[in-house]
Amino acid sequence: MNNGAFAASRPLLEIKHVSVDYRADNGTVHALTDVSLTLERGRILGLAGESGSGKSTLGYAITRLLKPPAEIVAGEVLYSPRVSRQMGTSPANATAPGAPVDILRLTQKQLRALRWKELAIVFQSAMNALNPVIDVGAQITDVLRTHQPGMSRQQQRDRAVELLRMVGISPDRLHSYPHELSGGMRQRAIIAIALALSPEVIIMDEPTTALDVVVQREILMQIIALRKELAFSVIFITHDLSLLLELADTVAIMYAGRVVELATRDELKSRPRHPYSYGMLNSFPTIYGERRHMTGIPGSPPDLRAIPAGCAFHPRCPMAFAACKSVLPLLRPAAGPTDVQQVACHLYDPRYSSAEPPTAAELAARYEAAYALSLGERGAP
Ligand code: SF4
């Protein structure tokens, strides 16, 4: 194997059975329950779901950025860097070359070595993530100074210019303060900082949410181009499933702290299995194809201190039946065209349903009926 050889044929990140609770006086919030996912090298894994689905909590758990009262109560996050990185800069030096490290069990010192160099995060709000009283160039060189103390000032400056160019910002903005940049430029600057030490994994938490659609698209295209050029892997967190259908290789749909469907982008586009995935896909308009009536998903996500028994989605699901109220559905292979697609829904489990799984037309009709009912309940004219 050459210098870029992989530690093994293992995935880059293996998230195994991770659970996170927030302890509060009025009850424990089960923000994440038994989540297992895999990030392959050079790939983009999308996490989608409504607010409170656990997608951001998972991103922060992976990077160990959760603060009390959040507590990771179970699981492991195995990171397998390339051998070339492991022998040089990885915090995993204490382990045998090629062995994965469990990020959730690293010491603070090992964690500091891991962050930025191996694992970087792009936060949602660029204005809050950047220091308003320090110019952008200094914020980039600050990361370089801290993590690569051997670099000269000139090398730091050259690298800062290179990073700004990479994300499409003119080098003459090196000494601009965040308030002098547009929202899109600020978000690009944050991405430049994340790229400073060429990490293997970048976690992007709603990186384009606050931007208009044109800028959003430009930044997505930039992320795709950079990923191809630099070969990093991405966990992309968003409530906007339409973004993931353009960007991600694999998408995990989350609801009430669990993964309810996992599929490739194409599988999700052409045949979402879980009624919640279908509802999310039907919550945004398409600019291609036939015009269709959008219904959204009636109701609200559950209170995570009192998650409904059985399938947490059953109070909102237009397909719910008796077993859904008492038996928790677990992820099972969905017999799709690849072996990736899995779904946690009794409709696909012959132990609970002998009927054929619903077609898209049936799901649409059920959502229409549920939508009409919710309008009636709200007293719509
Ligand atoms: Fe709906 Fe039941 Fe499937 Fe849950 S298990 S998504 S309630 S059909």
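Below is a table of values for the structure above.
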{"item": "Identity of the residue in region 314-332, hydrophobic (A, V, I, L, M, F, W, C) and touching a residue at least 40 places away in the same chain (Cβ under 8 Å), that ends up farthest from the ligand (Cβ to nearest atom)", "result": "331"}
{"item": "Residue count, region 333-359 (criterion: under 20 Å from residue 311 (Cβ atoms) and in contact (Cβ under 8 Å) with a residue 24 or more places away in the chain)", "result": "13"}
{"item": "Qualifying residue in region 326-333 (condition: surrounded by fewer than 18 Cβ atoms within 10 Å (Cβ to Cβ) and of a type in the set (Val, Ile, Thr))", "result": "yes"}
{"item": "Any hit, region 21-34, residues being under 14 Å from residue 104 (Cα atoms), open to solvent by 20 Å² or more (accessible area, probe 1.4 Å) and outside any loop (DSSP other than H, G, I, E, B)", "result": "no"}
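The values are calculated or read from the model by the stated rules, or taken from the named source; none is laboratory data. These numbers come from a predicted model, not from an experiment. No Cβ is skipped: glycine too gets one built from the backbone with ideal geometry, and neighbour counts run over all protein chains shown. Just so you know, the surface numbers come from the protein's heavy atoms only, side chains and all, with ligands and any DNA or RNA stripped out. Shrake-Rupley method; radii C 1.70, N 1.55, O 1.52, S 1.80 Å.
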